[in-house]
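Asks: Quick one: this structure, given as structure tokens, is what I'll be asking you about.
Read the figures in this text as sums done on the coordinates, not as results from a lab. From a predicted model like this one, the values you see are computed outputs, not experimental measurements. Here the Cβ positions follow ideal geometry from the backbone for every residue, glycine too, while neighbour counts run over all protein chains shown.
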């Protein structure tokens, strides 16, 4: 237990620092005592609104979404035993995007767009699983291929929808597709889900370590493989659907955060999964802070920033690891 | 050698067992019992179903017919976790998409004994260390498994099952990739496990290792025939020549037959 406390403690401190930074920075600069007063529920009404109703909820939502995506990515990688898997590999973001774009085309508000994205993600999950299942059992390779092909299909539908959409709706649609936290809404359900999943998944960690060595080896060591794989699939899908619903499809976090952590911390899932929740959350929190401050008051799509931050970090770790 | 915990009366029983190899006829059903203290060797040419048989005996594949019983209870009625506490399997193939260190790999042998919230105890770690030591891979403990040679990985796989400490060992070509010394060491280890009251059943390609270390043999013929019994009765040159479709020359060393391919 002791060796796990240090890396997790360091990551938790980094997350807190990122949260402080994110709340302090913005298009309006507030002095620190003003921010502390607002957090304590005192101070001017304007800064209270700014801190408590705008910045803090958005920061917490960014943290939760990043954490959910990174944990979902780590679970998918173990489920498919493929290091290239990410939360979207099974076509989930495509389904969610089609749902969201349909709602936008119909002119619905952000709540219905989110709801429609969630339904799209679930439809895609069931579609891929049903098709991959076919007759008899599914294998990781078959699940992966089905997911990739379904994702390609969704991609074509998305392009088609963008091509026929009226010009004034396009910017909103493109922002959604690149990931956007400005409509994330209340962060508490996402944070609660992240906490819940960490509590549920950490005791599964050792079984996941065994599963990473192949299903037969896992079964020989007493793991109920089929049940575990179902759990992983459903959990990863639910997490991704929740994240996509909150913030659109933000790429990169789910693929790269688990790998970064594996390069530094090794392959013990009991450590990697909670570390993913913290590091994924921190990365997206920082990216979102940059996205809304770099050219304030305008905002950049956060997915662009995650990639711009993540690519050099990842390449550095990979290079150093050799 | 450290004493490993054992369960009292381990025995594997195949009753009217026909393994399921797609596109092949049933052949002769197996009715055999592997008792504590016995070392069984399974011999047969490539593709005859040795690995499938081993996986069926471990409950990882459903047989076409018949049943497998472990300690007198049908394998299908036991939970995987209970099976894993009694039966360990050395696989021929290994996957490591996410490679772990050698020590952690050996430690997963304790998985069947630990509850989800439990971490490995000092005793578990001691068992893993002892197993690594015994298989001559303790000096590699910090290395990642994907950096090991074939023989080192084979020894690690056996060390993992030794850490698991099952009362019944199933091993799929345990001497694969091993140099001559480590082949003998691994066979001696398995024989020692049997001598301590456990049971061993392994697939082998080397007739002479089988002749030297196994007390019972199961011969699987390509036409679906099978015969089994005490090793002395099975090691008949004519039967072995038919088994492999290869003429053999026989010599005698230490009062036991040694077989080499005839020219």
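Asks: Set the Förster radius R0 to 22 Å, insert the Cβ-Cβ distance between residue A:188 and residue A:49 as r into 1/(1 + (r/R0)^6), and round the FRET efficiency to 0.05.
Replies: 0.75
Asks: Highest mean first, how do A:188-196, B:115-123, A:103-111 rank when packing is the count of other Cβ atoms within 10 Å averaged over residues?
Replies: For the peptides A:188-196, B:115-123, A:103-111, the packing ranking is A:188-196, A:103-111, B:115-123.
Asks: Give the average, rounded to an integer, of partner chain Cβ atoms located within 10 angstrom of each Cβ in A:224-231.
Replies: Going residue by residue through A:224-231 and averaging, the value is 1.
Asks: Give the Rg/Rh ratio for region A:236-309, taking Rg as the radius of gyration of the Cα atoms and Rh as the Kirkwood radius, to two decimals.
Replies: My calculation of the ratio gives 1.01.
Asks: I've got another one for you. Can you give me the P(r) profile for region B:1-127? Cα pairs, bins 10 angstrom wide beginning at 0, each as a whole percent.
Replies: Histogramming region B:1-127 at 10 Å steps yields 10, 35, 33, 18, 3, 0 percent.
Asks: Averaged over its residues, how many other protein chain Cβ atoms are within 10 Å of peptide B:98-110's Cβ atoms?
Replies: 4
Asks: Using 7 Å Cα-to-Cβ label points, what is the residue B:126/residue A:110 separation (nm, one decimal)?
Replies: Between residue B:126 and residue A:110, the label points sit 6.0 nm apart.
Asks: Label points 7 Å out from Cα along the Cβ direction at residue A:24 and residue A:320: separation in nm?
Replies: Taking the simple label geometry, residue A:24 and residue A:320 are separated by 2.4 nm.
Asks: Can you tell me what percent of all Cα-Cα pairs in region B:12-261 are more than 25 Å apart?
Replies: The proportion of pairs with Cα distances above 25 Å equals 44 percent.
Asks: Throw me the Rg/Rh for the protein assembly as shown, computed over C-alpha atoms with Kirkwood Rh, two decimals.
Replies: Taking Rh as the inverse mean 1/r over Cα pairs, Rg/Rh reads 1.08.
Asks: Right, something else. Pull out the extension gain between residue A:159 and residue A:82, defined as 0.36 nm times the separation in residues minus the alpha carbon to alpha carbon distance; nm, one decimal.
Replies: Between residue A:159 and residue A:82, full extension yields 24.9 nm more.
Asks: Roughly what % antiparallel, to the nearest 5, for the DSSP beta bridges in region B:12-261?
Replies: For region B:12-261, the DSSP antiparallel bridge percentage is about 60.
Asks: So for region A:194-322, what are the equivalent ellipsoid semi-axes in whole Å, largest first, each being the square root of 5 times an eigenvalue of the Cα gyration tensor?
Replies: Result for region A:194-322: semi-axes of 31, 18, 11 Å.
Asks: Among A:4-12, A:177-185, B:167-175, what's the highest-first ranking by average C-beta atoms within 10 angstrom per residue?
Replies: Output ranking for A:4-12, A:177-185, B:167-175: B:167-175, A:177-185, A:4-12.
Asks: With a Förster radius of 56 Å, plug the Cβ-Cβ distance of residue B:254 and residue A:141 into 1/(1 + (r/R0)^6) and report the FRET value to the nearest 0.05.
Replies: Once the sixth-power term is evaluated, E becomes 0.65.
Asks: Quick one: what Rg and Dmax do you get for chain A from the alpha carbons, in Å?
Replies: Computed over the Cα atoms of chain A, radius of gyration and Dmax are 19.9, 65 Å.
Asks: Right, something else. For chain A, set up a GNM with springs between Cα atoms under 10 Å and report which of A:121, A:241, A:152 has the largest fluctuation.
Replies: A:152
Asks: Would you please give the FRET efficiency between residue A:42 and residue A:17, computed as 1/(1 + (r/R0)^6) with r the Cβ-Cβ distance and R0 = 22 Å, to the nearest 0.05?
Replies: Approximately 0.40, to the nearest 0.05.
Asks: Partner chain Cβ atoms within 10 Å, averaged over the residues of A:205-215 - can you pull that number for me?
Replies: 5
Asks: For region A:40-143, take the convex hull of the Cα atoms, compute a quarter of its surface area, and give me that in nm², please.
Replies: Across all orientations, region A:40-143 yields a mean hull projection of 9.3 nm².
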